[in-house]
Amino acid sequence: MVALRFDDSLETVLSADVSTPFGAQSTWRQLVDLLGRRRAKADPATIARLRALRPHVPLAVRAASARALAYADPPVEVVRLFAEDDSVIAAPVLRSARIAERDWIALLPNLSAVGRSVLRHRRDLPTGVERALEAFGSVDFVLQASPEAVRKAASVRFLRPVAPAPVETVVAPESSFASIASIANGLPVVAEALRQSTTDPATPPPADGSFQIAEIVARLDAFHRERDEQGPQLQAELLPAEPQESRGFQFETDARGLIRWVEGASRAALIGLSLAAAGEDAAVDGVASGAFRRRSGFANARLVIVGTSDAAGHWRIGGAPMFDRASGRFTGYRGTGRRPRAEESAEIARDRRSAGSDALRQLVHELRTPANAIAGFAEMIESEMLGPVPQTYRGRAGMIREQVHALLGAIDDIDMAARIDSRALDLRPDVVVLAPLLARIAGDLGPLAGLRSAVIECRAAPDAVVSGDDRAVERLIGRLLATLVASAQAGERIVVAAVREDAQVVIMFDRPQSLAAYTAEALLQIDAEHAAEQAGAPLLGTGFALRLARNLASELGGALMLGDTALTLRLPAAVTAGMGQASFN
């Protein structure tokens, strides 16, 4: 299989046309992605190109690029580039950047007060950076509002016009930055607190009319403390309490076996339940249904009710038949239900499909459809079904088709793993002759063996016939052999030998030399990133492929054992009761 790779060429991006707005924005996005994710070196020339492009890129585009770099670990040059931009753009990068302590300290003087405020809320910065931030406290915690901002704030009684405070004024270019005062003005709790402060004589406003951050922070803290204290009480009042589990109930049914009356448990969970057959949300075992057909009494029948009501869970029920005294006609059952005792088991064999496995299978279905469409369209381009296509694009279409086929194989593996996990794997009884199957699999893996310069040699005894689902057996052996061939070295021979031992068929796979250093447990943990270093390796990793093969072998009634020099697959042999020989029918 071919691993999916992307060719992010810095030279190609730098040579793009930036004379148009679209070209400038596209080049900006690509350069930021390459440098921010360390796919290319952030040298001075490239950073200078970004600074030259910045005036031609809208603020919204630059902000989106900054958000895309969150937790991408950009280098210090990129962090410095975004830190000197508008605070809306700088904040996402400053909140998650991870650079050296000396780089932070060198960057702090060039940051705005808002940028340093963002860093103060981080708890993962080195101690030296925190001490350096404290040195800016006297400057950062005094607001300098423009006359226009003061005039607007005074109109809503949030700020009073004041003379500029005697602090150093930093002249910044015009941007979309909004002062903290104007942002806080829109908070309902702040507006209410200030309204009370202007009407409460005990809380006179500051003598100079300035806006004090410490005061508003104290009011916000008081509001949050009050909310936290009232939180549990409000939750108890607004949210319904969880239902208490019912320990017993009485019921009556009609002549059809449907429960029509219940006392002692949730009616919604039990009304309409049939004792004659299993329902969608509840199930009774054969004791109750058999007694219903005979119109006889029953005891300790198992009942399972799903859901979240007080009646959900396992029960043991018993009932006595009722007959009309005048006509002798059967009228139904009257009975009781109780929870099973500790020594009893009220479990019924049911399909326990986990929600996670079902969601994964749904995701696999959603992925398979577009992947098939991409593969089909690439094949149409490669075969020139839509018209003449240059050789370069035909080659690229062929690569896309091969990569999508590899992706579809990985999707099928995930689907099978989810089916095994949710016990939804549909296996049909059949017999599989291994000699022709191994030859067919070796032929299919010929291109992969050629890519690895390896040789596949298959030997199977005539009586090596497996009892099991033919599709599952073929997939198990094919995936296992493909994983081993993908790990083979140049000139290596992978031998597969199948023999029969009593009631089992034993299939031995040579272990490639590249996997000889791994223990059995370590072999199952080889991830996709490590395996992707080799051409044709499984997309999901060697470990995942081997774990899937082991689980599938178990579903088929066999086992996969990882030895030091070979992998041994044991599967049930197909036999006939009379002759004791393999059946080829």
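Can you find even one residue in region 476-488 that is at pLDDT below 85 and surrounded by fewer than 20 Cβ atoms within 10 Å (Cβ to Cβ)?
Checking region 476-488: not a single residue is at pLDDT below 85 and surrounded by fewer than 20 Cβ atoms within 10 Å (Cβ to Cβ).
Go through region 84-112 and give me each residue that's of a type in the set (G, A, S) and either touching a helix residue (DSSP H, G or I) at 6+ places or on another chain (Cβ under 9 Å) or more than 19 Å from R37 (Cβ to Cβ) (or both). Steps first, please.
Taking region 84-112 first, the residues of a type in the set (G, A, S) are 87, 90-91, 96-97, 100, 106, 112.
If the condition is that a residue be of a type in the set (G, A, S) and either touching a helix residue (DSSP H, G or I) at 6+ places or on another chain (Cβ under 9 Å) or more than 19 Å from R37 (Cβ to Cβ) (or both), then S87, A90, A91, A97, A100, A106, S112 are the ones that fit.
Go through region 95-139 and give me each residue that's within 34 Å of the chain's Cα centre (by Cα), β-branched (V, I, T) and part of a helix (DSSP H, G or I).
V118
Is there any pair with a first residue in region 121-132 that is of a type in the set (A, V, I, L, M, F, W, C) and a second that is surrounded by 10 or more Cβ atoms within 10 Å (Cβ to Cβ) whose Cβ atoms are under 7 Å apart and which are 6 or more apart or on different chains, and what are they?
From residues that are of a type in the set (A, V, I, L, M, F, W, C), the pairs are L125/W104; L125/L119; V129/E101; V129/W104; V129/I105; A132/I105; A132/L108.
List every residue pair whose Cβ atoms sit under 7 Å apart, with the two residues 6 or more apart in sequence or on different chains, where the first one lies in region 67-96 and is among the polar types (S, T, N, Q) and the second, anywhere, is part of a helix (DSSP H, G or I).
Once the first residue is among the polar types (S, T, N, Q) and sits in region 67-96, its partners that are part of a helix (DSSP H, G or I) give S87/V114; S87/G115.
Mind counting the residues in region 242-255 that are more than 19 Å from R316 (Cβ to Cβ) and surrounded by 12 or more Cβ atoms within 10 Å (Cβ to Cβ)?
First pass over region 242-255, keeping only residues more than 19 Å from R316 (Cβ to Cβ): 242-244, 254-255.
Then drop every residue that is not surrounded by 12 or more Cβ atoms within 10 Å (Cβ to Cβ), which leaves 243, 254-255.
Adding up the residues that qualify gives 3.
Filtering region 420-436 down to residues that are in a loop (DSSP other than H, G, I, E, B) and not acidic (D, E), which residue is farthest from Q504 (Cα to Cα)? Lay out the reasoning, then the answer.
The initial filter retains those residues of region 420-436 that are in a loop (DSSP other than H, G, I, E, B), namely 422-430.
Retained after the next criterion (residues that are not acidic (D, E)): 422-425, 427-429.
Numbers: S422: 27, R423: 24, A424: 25, L425: 22, L427: 18, R428: 18, P429: 16 Å.
So the residue we want is S422.
Is it true that some residue in region 420-432 is of a type in the set (A, V, I, L, M) and in contact with a strand residue (DSSP E or B) (Cβ under 6 Å, 6 or more places away or on another chain)? Step through it out loud before you land on a result.
Kept after step one, since they are of a type in the set (A, V, I, L, M), are these residues of region 420-432: 420, 424-425, 427, 431-432.
From what's left, in contact with a strand residue (DSSP E or B) (Cβ under 6 Å, 6 or more places away or on another chain): 431-432.
Among the residues of region 420-432, at least one is of a type in the set (A, V, I, L, M) and in contact with a strand residue (DSSP E or B) (Cβ under 6 Å, 6 or more places away or on another chain), which makes the answer yes.
Would you please list the contacts, defined by Cβ atoms under 9 Å and residues six or more apart or on different chains, that run from a residue in region 540-558 that is part of a loop (DSSP other than H, G, I, E, B) to a residue that is among the basic types (K, R)?
Partner pairs satisfying both residue conditions: G558/R570.
Being at pLDDT below 90 and closer than 30 Å to E11 by Cα is the requirement here; does F82 meet it? Can you show your working first?
Numbers: at pLDDT below 90: no; closer than 30 Å to E11 by Cα: yes.
No, not satisfied.
With modelled with pLDDT of 85 or more and either in a loop (DSSP other than H, G, I, E, B) or touching a helix residue (DSSP H, G or I) at 6+ places or on another chain (Cβ under 6 Å) (or both) as the only criterion, which of S309, S357, S296 stands out?
Working: S309 fails: modelled with pLDDT of 85 or more; S357 fails: modelled with pLDDT of 85 or more.
Going through S309, S357, S296 in turn, the sole match is S296.
If P429 satisfies every condition in (1) surrounded by fewer than 13 Cβ atoms within 10 Å (Cβ to Cβ); (2) under 22 Å from T483 (Cβ atoms); (3) touching a residue at least 24 places away in the same chain (Cβ under 8 Å) but one, which is the exception?
(2)
Only one residue in A410, A397, A439, A417 is hydrophobic (A, V, I, L, M, F, W, C), assigned to a helix (DSSP H, G or I) and loosely packed, with under 14 Cβ neighbours inside 10 Å, so which one is that?
Values: A410 fails: loosely packed, with under 14 Cβ neighbours inside 10 Å; A397 fails: loosely packed, with under 14 Cβ neighbours inside 10 Å; A417 fails: loosely packed, with under 14 Cβ neighbours inside 10 Å.
Residue meeting the stated conditions: A439.
For region 256-273, give me each residue that is within 40 Å of the chain's Cα centre (by Cα), of a type outside the set (D, E, K, R) and surrounded by 13 or more Cβ atoms within 10 Å (Cβ to Cβ).
Those that are within 40 Å of the chain's Cα centre (by Cα), of a type outside the set (D, E, K, R) and surrounded by 13 or more Cβ atoms within 10 Å (Cβ to Cβ): A265, S266, A269, L270, I271, G272, L273.
The values are calculated or read from the model by the stated rules, or taken from the named source; none is laboratory data. Here the structure is a predicted model, which means the values were calculated and not measured. Cβ: placed from backbone, ideal geometry, glycine included. Neighbour counts: every protein chain shown.
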